[in-house]
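Novice: Right, I'll just put the structure down here and ask away after.
Taken together, the values in this text are just the output of simple stated rules run on the coordinates, not laboratory data. Treat the numbers as computed from the prediction; the structure is a model and nothing was measured. Backbone-built Cβ (ideal geometry, glycine too); neighbour counts: all protein chains shown.
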Amino acid sequence: MTITPSVRVQAENFDLTEETAKLTAGRFDIGAVVTFTGLCRDEGGQLSALELEHYPGMAEAEISRIAERAAERWPITGLTVIHRFGKIAPGENIVLVIAASPHRQAAFDAANFLMDFLKTRAPFWKKEHLKSGQDNGWVDAKDLDEQALTRWEQA
Amino acid sequence: MTITPSVRVQAENFDLTEETAKLTAGRFDIGAVVTFTGLCRDEGGQLSALELEHYPGMAEAEISRIAERAAERWPITGLTVIHRFGKIAPGENIVLVIAASPHRQAAFDAANFLMDFLKTRAPFWKKEHLKSGQDNGWVDAKDLDEQALTRWEQA
Amino acid sequence: MIIRYFAWVREKVGVDEEQLVLPDSIQTVGDLTAYLATIDDNHAAAFAEADTIRAAINQEHVDADTPIAEAQEIAFFPPMTGG
Amino acid sequence: MIIRYFAWVREKVGVDEEQLVLPDSIQTVGDLTAYLATIDDNHAAAFAEADTIRAAINQEHVDADTPIAEAQEIAFFPPMTGG
């Protein structure tokens, strides 16, 4: 039996300590918790905000599918994914992944796997707004992100 | 120029949100923060506490040396390591590693590297106290932990 | 069938979604993108580089050769850039 | 020279640290562990499996063949189990 990942797509920010506590409270079999927080950079001072568009319904469904694959592949006691949408200013949080496990490498690998697949499979798109007031258009997908997936292929 | 890691060896607990905020506050060049929290497991309900002995002075010095190696190897904007000592009950935190970087894989790799080296190089030793009242002796080092280091060898 | 658009595909088509009655000859996702490109200038601009556009049927990723017979909802969008 | 012990090495020796005046023949860490094993029964028990014991000079890890001439402080302990 694998766990049921907690997946949320929301405009609101999240709190690392609070979200971690939800996975660990009252449990004594967890040896490792890895969190990944993705933040908005200002791209050398040029960016005023990112605007994140998403596909409601599919965003939650696709993230859940990715999280379930991680939960089947590694000995995980809990997984949380929170992805924000809407306008996000530099320095603000965009995405949170938490993986809890009895073992440290499983927690690292599950969180790393989740982020690689979120980047390329979760239906979110980023548009850049510049401090100059200009709309800098949609961020291009990176070949490197697509290539990162190949390391998770199993023999 | 590399950053100066923040290293603390303390009896007190730590807070994930607070420690992360110290690395990210007022910065707009961070795209990724990875945290690793190591927790005390109860080993199937048998354990009442772990007792962590350390070598004061060397513990801080050795962790700083490991953290500086990580900061030289990956593009890191901030590193925090907190290792607790004394009696720690199941479910409580033992160790925290935080790596902040512009790039997600650098943050994952630096945190993972730090944990592997902390496990085998930082002068801490764990003794198990059982719920039966018995002292279960010192935890043996694991060959697997030593083997994990080889993946960080550079050509 | 509801067709939904996201990001720059949405901006170029000019609407979030539309309901279309399709000719019987449209069997696959690839057939549909080729057909959409012929509707008007906006659609033509959106689907000019059909190879870069991704598709989902009923909120799951699909390929160009996936049949559309079971689709209640088909979405078209650029490569994802979340995370 | 101060010699410090940790974990089960400390428990077997019976003290946290001790100050020793060493014979001139003791040149390396390996020489010192061999010598310590001859002091009394407690030290003999602690250093019975000298190969498993790690050493640090002035709070840095060292090998058995490291010279001890520059040492103000030498520590002996089991393999580390932190993290």
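Novice: Could you please report the charge total around A:GLU18, scoring K, R as +1 and D, E as -1 over all other residues with beta-carbon less than 15 angstrom from its beta-carbon? Walk me through the numbers on the way to the answer.
Specialist: Working: positive: A:ARG8, A:LYS22; negative: A:GLU12, A:ASP15, A:GLU19, B:ASP15, B:GLU18, B:GLU19.
Net charge around A:GLU18: -4.
Novice: Rounded to the nearest 0.05, what FRET efficiency is calculated for B:GLN134 and C:GLU73 with R0 set to 56 Å and r the Cβ-Cβ distance?
Specialist: Numbers: r = 62 Å, r/R0 = 1.11.
Computed FRET efficiency for B:GLN134 and C:GLU73: 0.35.
Novice: To continue, here is another question. Looking at A:SER101, B:ALA67, B:ALA49, which one has the Cα that reaches farthest to the positive end of the dipole of the protein assembly as shown (charges on Cβ: Lys, Arg +1; Asp, Glu -1)?
Specialist: B:ALA49
Novice: Would you work out which of D:ILE57, D:THR81, D:VAL15 lies farthest towards the positive end of the dipole of chain D? Charges go on Cβ: Lys and Arg +1, Asp and Glu -1.
Specialist: About the Cα centre, the residue reaching furthest to the positive side is D:THR81.
Novice: Now a separate question. Relative contact order of chain B: what whole-number percent is it, with Cα pairs under 8 angstrom and at least 6 residues apart? List each step's numbers first, then the result.
Specialist: Working: 292 pairs, mean separation 48.7, N = 155.
31 percent.
Novice: While we're here: Quick one: putting +1 on the C-beta of Lys and Arg, -1 on the C-beta of Asp and Glu, what dipole do you get for chain C around its Cα centre, in Debye to the nearest 20?
Specialist: Values: 4 positive and 15 negative charges, 42 e Å.
It comes to approximately 200 debye.
Novice: Gap in Å between the Cα centre of segment D:1-47 and the Cα centre of segment B:69-132?
Specialist: Their Cα centres are 31 Å away from one another.
Novice: Which is the longest part of chain B that has none of the trypsin sites (Lys or Arg not before Pro) sitting in a DSSP loop with at most 15 other Cβ atoms within 10 Å? Mind dumping the intermediate values first?
Specialist: Numbers: sites that count: B:ARG27, B:LYS131, B:LYS142.
The reported range is B:28-130.
Novice: Just to be sure I understand the rule: take each whole DSSP H helix in chain A, project its Cα atoms onto its long axis, keep it if the span is 20 Å or more and its mean Kyte-Doolittle hydropathy is at least -1.0. Which ones pass?
Specialist: On the way: long enough: A:58-73 (22 Å, -0.53); A:104-121 (25 Å, -0.14).
In chain A, the long hydrophobic H runs are A:58-73, A:104-121.
Novice: Defining the label point at 7 Å along Cα→Cβ, can you sort the distances from A:ARG73 to the same site in each other copy, shortest first, in nm?
Specialist: 2.2
Novice: Normalising by the residue count of segment C:2-77, find the relative contact order in percent from Cα pairs under 8 Å and 6+ residues apart. If you can, show how the numbers build up before the last one.
Specialist: Details: 121 pairs, mean separation 29.3, N = 76.
Here the relative contact order equals 39 percent.
Novice: What distance in nm separates the two pseudo spin-label positions at D:GLU49 and B:LEU149, each 7 Å out from Cα along the beta-carbon direction?
Specialist: Simple spin-label model gives 1.8 nm for this pair.
Novice: Once the Cβ-Cβ distance between B:THR2 and C:VAL21 is put in as r, and R0 is 45 Å, what FRET efficiency do you end up with, to the nearest 0.05? Before the final figure, lay out the partial values.
Specialist: Working: r = 63 Å, r/R0 = 1.40.
Taking R0 as 45 Å, the efficiency between B:THR2 and C:VAL21 is 0.10.
Novice: Grab the residue from chain D whose Cβ hugs the D-to-C rotation axis most tightly, plus its distance in whole angstrom.
Specialist: Result for the axis mapping D onto C: D:GLY83, 14.
Novice: May I ask for the net charge around A:ALA49, where only other residues with Cβ less than 14 Å from the Cβ of A:ALA49 are counted and Lys, Arg are +1 while Asp, Glu are -1?
Specialist: On the way: positive: A:ARG41, A:ARG84, A:LYS87, A:LYS126, A:LYS127, A:LYS131; negative: A:ASP42, A:GLU43, A:GLU51, A:GLU53, A:GLU92, A:GLU128, A:ASP135.
Once all neighbours under 14 Å are counted, the net charge is -1.
Novice: Right, next: Among residues other than A:ASP135 whose Cβ falls under 10 Å from its Cβ, what is the net charge (Lys/Arg +1, Asp/Glu -1)? Let's see the in-between values first.
Specialist: Values: positive: A:LYS127; negative: A:GLU51, A:GLU128.
Its environment carries a net charge of -1.
Novice: For A:ALA89 and D:GLU60, FRET efficiency with R0 = 45 Å and r from the beta-carbon atoms, rounded to 0.05?
Specialist: Working: r = 45 Å, r/R0 = 1.00.
After rounding to 0.05, the efficiency reads 0.50.
Novice: Once phi is turned into θ = phi - 60°, what whole-Hz ³J(HN,Hα) does the Karplus curve with 6.51, -1.76 and 1.60 give for every residue of segment A:139-151, x standing for Gly and Pro?
Specialist: Each residue of segment A:139-151 in turn: 5, 6, 5, 9, 4, 4, 5, 5, 5, 4, 5, 4, 5 Hz.
Novice: Just how large is the dipole of the protein assembly as shown about the Cα centre, in debye to the nearest 20, putting +1 at every Lys and Arg Cβ and -1 at every Asp and Glu Cβ? Before the final figure, lay out each step's value.
Specialist: Details: 42 positive and 76 negative charges, 136 e Å.
Dipole size: approximately 660 debye.
Novice: What GluC sites (Glu not before Pro) does chain D have in DSSP loop regions with at most 16 other beta carbons within 10 Å? Walk me through the numbers on the way to the answer.
Specialist: Values: sites: D:GLU11, D:GLU17, D:GLU18, D:GLU49, D:GLU60, D:GLU70, D:GLU73; in loops: D:GLU49, D:GLU70.
Loop-located and lightly packed - D:GLU49, D:GLU70.
Novice: Along Cα→Cβ at 7 Å, what distances in nm separate the B:GLY45 label point from those on the other copies, shortest first?
Specialist: Copy-to-copy label distances for B:GLY45: 6.2 nm.
Novice: Express as a percent, rounded to the nearest 5, the fraction of DSSP beta bridges in segment D:2-77 (both residues included) that run antiparallel. Working shown, then result.
Specialist: Working: 11 of 15 bridges.
In segment D:2-77, approximately 75 percent of DSSP beta bridges are antiparallel ones.
Novice: Still on this structure, I have one more. Only Lys, Arg, Asp and Glu count, each charged at its Cβ (+1, +1, -1, -1), so figure out the dipole size of segment B:80-127 about its Cα centre, rounded to 20 debye.
Specialist: Details: 7 positive and 3 negative charges, 52 e Å.
I would put it at about 260 debye.
Novice: Continuing with this model, one more query. For the peptides C:40-46, D:19-25, what is the packing order when you average, over each peptide's residues, the other Cβ atoms within 10 Å and list the highest mean first?
Specialist: Numbers: C:40-46: 15.3, D:19-25: 8.7.
In descending order of packing, they fall as C:40-46, D:19-25.
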